[in-house]
1. Could you tell me whether segment 245-260 includes any residue that is closer than 30 Å to I400 by Cα and not assigned by TED's automatic domain parsing to the domain that holds I415?
2. Given the condition in a loop (DSSP other than H, G, I, E, B) and surrounded by fewer than 20 Cβ atoms within 10 Å (Cβ to Cβ), answer yes or no: does some residue in segment 384-400 qualify?
3. Looking only at residues that are at pLDDT below 90, touching an Asp or Glu at 6+ places or on another chain (Cβ under 9 Å) and surrounded by fewer than 21 Cβ atoms within 10 Å (Cβ to Cβ) in segment 346-365, which one is nearest to I276 (Cα to Cα)?
4. If I filter segment 414-422 for residues that are hydroxyl-bearing (S, T, Y), in the same structural domain as E374 (by TED's automatic domain parsing), closer than 30 Å to K118 by Cβ and free of Cβ contacts under 8 Å to residues at least 60 places away in the same chain, do I get at least one hit?
5. Being free of Cβ contacts under 8 Å to residues at least 24 places away in the same chain, not in a loop (DSSP other than H, G, I, E, B) and not aliphatic (A, V, I, L, M) is the filter here; which residues of segment 191-203 pass it?
6. Scan (1) modelled with pLDDT under 90; (2) on the phi > 0 side of the Ramachandran plot for the single condition L325 breaks and write down its number.
7. Within segment 357-392, which residues are under 19 Å from H308 (Cβ atoms) and touching a Leu at 6+ places or on another chain (Cβ under 9 Å)?
8. Which residues, taken from segment 156-174, are outside any strand (DSSP E or B) and exposed (fewer than 14 other Cβ atoms within 10 Å of the Cβ)?
Amino acid sequence: MQVTITLIEMPKSPITFEVNGITYNTYNHVIVVNQGDYIRIDEVIVNGIVYVPIMTRRYRLFGILDVEEENNVASRPLRVFDAYYEVKWIPATLIRFEGLPLDADIIFTDNSLPKTVKAYQKLFYFEPRYLTFLEVNYKGINYKPYPNSVYTNEKREYVIKYLPSTLPWLNQIVQGYYIERLLGEGATSYVFLARGSDNKKYVMKIFKIDKEVKGKTRTLSIERFKELSTEFSNLVTLSEKSERIVKVYGAYIDILRIKEILDGKYDTYVKYPPFILMEYMRGGDLEKMINNVIYSPDKEKIIAKIVHEIALALYEIHKVGMVHLDIKPKNIFFSNQPVNLNVFNNIIKLGDLGSATRVGMKPYQITIEYAPPEQLIYPANPMMDIYALGSVAYKMMFGITFNPVNMMEKIFDAIIYGESNLNSIYNRVISEITNKLSKLRNSGLEGVIKMMLNPDPVKRPTSKEVAELTESYNS
């Protein structure tokens with residue numbers, strides 16, 4: 001007995017399907033099969049959007065009750081019976097993973113056999129909320145998908161954030177320093193509060209190590225460690241000469257051991273992790289107070305003071321041919337906790353020189369909320385720091401992020417996956433930035449921020465010019 005399957009709301013594309021494991025193509029709106037056959041229909045990609053075939057079966061139960069059941073017939077074959085079937089194509093949700101090394105294996109189940117994907121792969125699913133994601137172990141560190149960090153963003157992406165549930169260095173001694181607690185985690189490092197034999201507090205930044213995936217990764221490569229090892233003495237000298245830069249005291253970067261770690265020797269990573277030791281700033285960072293600045297009656301003075309001090313720090317960095325490349329609120333520190341947002345009797349410092357590199361070298365660090373678009377593509381340039389500082393100032397001024405983060409992510413994805421529309425996405429980002437800038441005034445502090453955020457790097461002011469433009473607010 002034959003069964004007719006009606007295809008409705010078909011994408012403008014040939015439909016590929018399997019009947020009992022044999023593949024067919026069709027442009028027709030019906031598929032005719034035999035009762036008892038197994039059918040599977042492929043997903044369809046149109047303009048970069050994945051459409052999932054959802055088959056609805058309608059029948060009467062006991063001749064009384066009308067029943068409908070839906071199945072995703074792309075994920076596994078479905079056996080058909082004497083009933084009414086129709087297929088609709090539903091836009092799928094892209095599942096994206098955060099907090100994991102790109103080549104980590106992610107295991108999940110959808111009420112069937114477990115499946116495995118890499119953290120860098122694109123995973124599309126019709127109903128991701130029905131999936132179960134398991135804990136990931138990567139080179140001895142366990143990462144857990146926290147339920148309260150799973151969300152759907154405005155791009156219809158289902159984002160699953162993994163956080164380390166165990167770190168091997170906590171409450172242990174690393175190269176003579178006792179690790180007290182985790183202060184934070186970024187894309188390239190873990191940041192710990194450490195105590196030395198002198199009983200003083202320090203910040204220890206232990207770098208994450210990960211193999212590159214398709215030539216691109218957000219963690220540091222062996223080339224970056226070599227560069228950092230070569231430049232380290234210059235970074236120490238730079239931090240010692242400027243009172244506006246967080247002091248760098250020491251580092252442990254052994255290239256041979258890093259190669260061992262990359263070869264899978266996790267014990268080496270536990271015993272000899274690459275790190276930088278830095279000054280501990282009691283006052284914390286700007287991230288903790290940034291949302292309160294917008295409501296302060298002294299908002300413009302506070303913003304100008306912070307921008308002025310960081311511009312002077314950047315002037316010291318830029319004049320020796322270096323670029324910081326990671327200006328963000330978490331890297332702007334205070335000597336003491338600002339009381340009632342009073343930053344005027346406080347020492348403000350720029351931290352994390354570990355991200356700095358020479359002018360003209362490849363940028364190894366980026367925080368897309370604040371970095372300029374060109375930092376994803378072009379060699380390091382001091383004007384990248386000016387844009388990022390302008391982004392921080394914009395966040396303090398208006399309480400929102402300036403960058404079109406979603407579009408910036410698309411640039412990063414296009415680079416990773418070698419997509420041909422890279423230039424198109426980049427131009428759309430520039431267009432969106434230009435449109436946003438047109439709404440800012442040309443005068444006052446807002447005008448200074450506007451100049452710093454110019455999409456054309458050549459038209460941005462230098463660090464020295466930014467310091468001069470903001471100096472009058474501090475008098």
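1. Taking every residue of segment 245-260 in turn, at least one turns out to be closer than 30 Å to I400 by Cα and not assigned by TED's automatic domain parsing to the domain that holds I415.
2. Yes: one or more hits.
3. Top of the filtered list is K362.
4. Step one: filter segment 414-422 for residues hydroxyl-bearing (S, T, Y), giving 417, 420.
Subsequent filtering for residues that are in the same structural domain as E374 (by TED's automatic domain parsing) retains 417, 420.
Now narrow it down to the ones that are closer than 30 Å to K118 by Cβ: 417, 420.
After this cut, where a residue has to be free of Cβ contacts under 8 Å to residues at least 60 places away in the same chain as well, the list is 420.
Yes, segment 414-422 has at least one match.
5. F192, R195
6. All conditions pass for L325, except number (1).
7. Listed by number, the residues that qualify are Y370, P382, D385, I386, Y387, A388, L389, G390, S391, V392.
8. If the condition is that a residue be outside any strand (DSSP E or B) and exposed (fewer than 14 other Cβ atoms within 10 Å of the Cβ), then R156, S165, T166, L170, N171, Q172 are the ones that fit.
The values are calculated or read from the model by the stated rules, or taken from the named source; none is laboratory data. Please read all numbers here as calculations on a predicted model, not as lab measurements. Glycine gets a Cβ as well: all are built from the backbone with ideal geometry, and neighbour counts include every protein chain shown.
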